Amino acid sequence: MSLYNTQQIKIYNTLSGEKEVFQPITEGYVGMYVCGPTVYSNVHLGNVRTFMSFDVIFRYLKHLGYKVRYVRNITDAGHLENDADVGEDKITKKARLEAIEPMEIVQRYTVDFHNVLNTFNFLPPSIEPTATGHIIEQIELIQTIIDNGLAYVVNGSVYFDVHKYNESNEYGILSKRKLEDLIHNTRELDGQSDKKNPQDFALWKKAEPTHIMRWPSPWSDGFPGWHLECTAMSTKYLGDYFDIHGGGMDLKFPHHECEIAQNQAAKGQTPVKYWMHANMLELNGARMSKSTGNYINPGELITGDNDIMSKAYNPSVVRFFMMQASYRSVLDLTDAGLSAAEKGHHRLMDAIDLTDSLKTGSSSSFNIIEWKQKCYEAMNDDFNTPILIATLFEAVKFINQIKDGSATVTSEDLTILKDTLETFAFSVLGLVNISNENTGTDKLSKAVEILINLRKEARINKDFALSDKIRDELAEAGIQLKDSRDGTTFSIQ
Ligand SMILES: [Zn+2]
């Protein structure tokens, strides 16, 4: 018997606005689709948080014994700068600015995306399809929607007819919007647009003569619409109706709304049983944005090469920090929060290490079985990782009491305790025990601090030759010193 027979998960379904008991469409199997990145720039921390939430959900479902097929796509064409189907394709624009092939852009940022996710100990998805690898499927899908009377062709482009669709379906069902309100709130089309109505969206766009990324189709040489890609790739690998579709909150409208409409139009049914949306990551209480400077990228956060945090944070500490909030809450990234997470991470790993050397006795002063079930209940309740972490810390406290001699444990219970802690910390939350690794880093940090102090003395003594020599030789060894009014900090490359 699999664990999923004894553990009942509840998932907050955006579609119903309620927590619902999770019952997969096919017993024992889960199909999960998550909208992947558009690979035209480095992945940012907000995306890392979103994908991490679904990584943990994937891990937990697997742990329960489900056979999970997790599909996360790569958008390598068709994502325009603007939701109203105007502006350039994001990848083409970047390629033009850098005067290189669009596929070089795609390659560079796909590699970056995978590197960052590996750094944060992500499991790879089961399938990672690309939009450009599924052009034929997308053309077929568009043809079906045209045949069903819910899309129209104008000047080589194809648009989804939202108004016609809404006559017998509910456009806005996911994001709780009404078409009448959308009409009221959208500007009139300027004479340039081919669309019948501003709410219509592109399924296929005719390419301008200079547009490099283009494919032949019955309507024009062009490229597919972004919303369409996800419908084509999700249903190809998961079927016309599948269990879980996830993504960031910002994708709810119009992207996911359009996916529902396309599936209804092409296949006569809604695509997804449980819609899940992950919330935003802020930085020091405000929206992260490159233009305001309130921004830090994943690499800068873990090397410490930034002006926002006081030091470098290990990727596992960042992961622990992110898991301290529910995926549905806004999370504020701060130096104080990360620093506290670092201490928490240490305490948890120290306790796990201690389980190997604890003395066992004839009785336990802690109900291990009850505690273990509490860990499952936390995750069963819409993957509530903060409650799970709080429950793991009940065990940390108990372990420290056993060590002090103020509590006892039987050897049988100790085995369950250790296994459960390791399962949830490593397999489910995806943390890494960095205690050994850290000793090395700590020693290195102390050595660099000594050199920084020697350099300071040299400067006080006006021995600038020595002070520069220390700085330059450290730089050669890959250790950058950074002087500021508050003193000197360093980062290790
Ligand atoms: Zn998508």
Which residues, taken from segment 25-48, are in a loop (DSSP other than H, G, I, E, B) and either more than 9 Å from the chain's Cα centre (by Cα) or not assigned by TED's automatic domain parsing to the domain that holds residue 68 (or both)?
-> 25, 26, 27, 28, 35, 37, 39, 40, 41, 42, 43, 44
Those residues of segment 453-491 which are in contact with a Lys or Arg (Cβ under 6 Å, 6 or more places away or on another chain) and over 23 Å from residue 308 (Cα atoms), in sequence order | 467, 470
Filtering segment 333-357 for residues that are under 17 Å from residue 302 (Cα atoms) and not hydroxyl-bearing (Ser, Thr, Tyr) leaves a count of 11
Does residue 182 satisfy being within 15 Å of the ligand (Cβ to nearest atom) and surrounded by 15 or more Cβ atoms within 10 Å (Cβ to Cβ)?
-> no
Take the residues in segment 25-45 that are more than 24 Å from residue 323 (Cα to Cα) and more than 13 Å from the ligand (Cβ to nearest atom), then tell me which one is surrounded by the most Cβ atoms within 10 Å (Cβ to Cβ).
-> 39
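To keep it simple, each residue is scored yes or no on (1) in a helix (DSSP H, G or I); (2) among the basic types (Lys, Arg); (3) not assigned by TED's automatic domain parsing to the domain that holds residue 194.
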| site | (1), (2), (3) |
| --- | --- |
| 85 | no, no, no |
| 92 | yes, no, no |
| 96 | yes, yes, no |
| 100 | no, no, no |
| 107 | yes, no, no |
| 121 | no, no, no |
| 137 | yes, no, no |
| 143 | yes, no, no |
| 153 | no, no, no |
From (1) crowded, with 19+ Cβ neighbours inside 10 Å; (2) of a type in the set (D, E, K, R); (3) closer than 28 Å to residue 111 by Cα, pick out the condition that doesn't hold for residue 282.
-> (1)
Boolean, residue 228 is within 13 Å of the ligand (Cβ to nearest atom), in contact with a helix residue (DSSP H, G or I) (Cβ under 7 Å, 6 or more places away or on another chain), within 19 Å of residue 36 (Cα to Cα) and not assigned by TED's automatic domain parsing to the domain that holds residue 325 = yes
Tally time: how many residues in segment 6-24 are within 18 Å of the chain's Cα centre (by Cα) and either part of a loop (DSSP other than H, G, I, E, B) or within 16 Å of the ligand (Cβ to nearest atom) (or both)?
-> 1
Output the number of the condition that residue 455 fails; it satisfies all remaining conditions of (1) more than 27 Å from residue 9 (Cβ to Cβ); (2) surrounded by fewer than 17 Cβ atoms within 10 Å (Cβ to Cβ); (3) among the charged types (D, E, K, R).
-> (2)
Residue satisfying all of: in segment 191-225; within 27 Å of the chain's Cα centre (by Cα) and aromatic (Phe, Trp, Tyr); farthest from the ligand (Cβ to nearest atom) among these | 223
Subset of segment 376-395, residues surrounded by fewer than 18 Cβ atoms within 10 Å (Cβ to Cβ) and aliphatic (A, V, I, L, M), comes to 387, 390
Kindly indicate whether any position in segment 251-264 is assigned by TED's automatic domain parsing to the domain that holds residue 88, crowded, with 19+ Cβ neighbours inside 10 Å and away from the ligand (no atom under 16 Å from the Cβ).
-> yes
Restricted to segment 46-68, and to residues that are within 30 Å of residue 102 (Cα to Cα) and surrounded by fewer than 22 Cβ atoms within 10 Å (Cβ to Cβ), which residue is nearest to the ligand (Cβ to nearest atom)?
-> 47
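The values are calculated or read from the model by the stated rules, or taken from the named source; none is laboratory data. These figures come from a predicted structure and were not determined experimentally. In this analysis, Cβ positions are derived from the backbone assuming ideal geometry, glycine residues included, and neighbour counts consider all displayed protein chains.
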